[in-house]
Amino acid sequence: MPVKFQKSAKTVKRGSKIVTVEHHYIKNQSKEDLIKYINEGQKPKIKQKCRNELDRRGIKLEWVTKES
């Protein structure tokens, strides 16, 4: 099973009541979204998933300390 970025979302089409499920797999997220979540996200588990995905794609992260 692929790694999830967030929970799957169900949407109901009005009028026909057709339910479509949208899965949010981490492999479908853009590089900018993953880096943004690493910098601003809350959950350490998902941050580690993002770092693993960027490493799988061959993207090196450069850590810089914040200056006040």
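Scan the range 34-68 for residues that are charged (D, E, K, R) and touching a residue at least 24 places away in the same chain (Cβ under 8 Å) and report the count. So the answer is 3.
Which one is nearest to Lys49 (Cα to Cα), of the residues in the range 1-21 that are open to solvent by 80 Å² or more (accessible area, probe 1.4 Å) and of a type in the set (A, V, I, L, M, F, W, C)? Reasoning before the result, please.
In the first step, residues of the range 1-21 are kept if they are open to solvent by 80 Å² or more (accessible area, probe 1.4 Å); the result is 1, 6-7, 10, 12-15, 17-19.
Those left that are additionally of a type in the set (A, V, I, L, M, F, W, C): 1, 12, 18-19.
Values: Met1: 14, Val12: 30, Ile18: 32, Val19: 29 Å.
Ranking the candidates gives Met1 first.
Hey, does the range 3-24 have a residue that's among the charged types (D, E, K, R) and in contact (Cβ under 8 Å) with a residue 40 or more places away in the chain?
Checking the range 3-24: not a single residue is among the charged types (D, E, K, R) and in contact (Cβ under 8 Å) with a residue 40 or more places away in the chain.
The single condition among (1) under 10 Å from the mean Cα position of the chain (by Cα); (2) part of a helix (DSSP H, G or I) that Phe5 does not satisfy is (2). Within the range 22-50, how many residues turn out to be open to solvent by less than 80 Å² (accessible area, probe 1.4 Å) and under 13 Å from Gln6 (Cα atoms)? Counting residues in the range 22-50 that are open to solvent by less than 80 Å² (accessible area, probe 1.4 Å) and under 13 Å from Gln6 (Cα atoms) gives 12.
The values are calculated or read from the model by the stated rules, or taken from the named source; none is laboratory data. Treat the numbers as computed from the prediction; the structure is a model and nothing was measured. Here Cβ is always computed from backbone atoms with ideal geometry, including for glycine, and neighbour counts include all displayed protein chains. Side chains included, ligands, DNA and RNA excluded: accessible areas come from the protein's heavy atoms. Shrake-Rupley method; radii C 1.70, N 1.55, O 1.52, S 1.80 Å.
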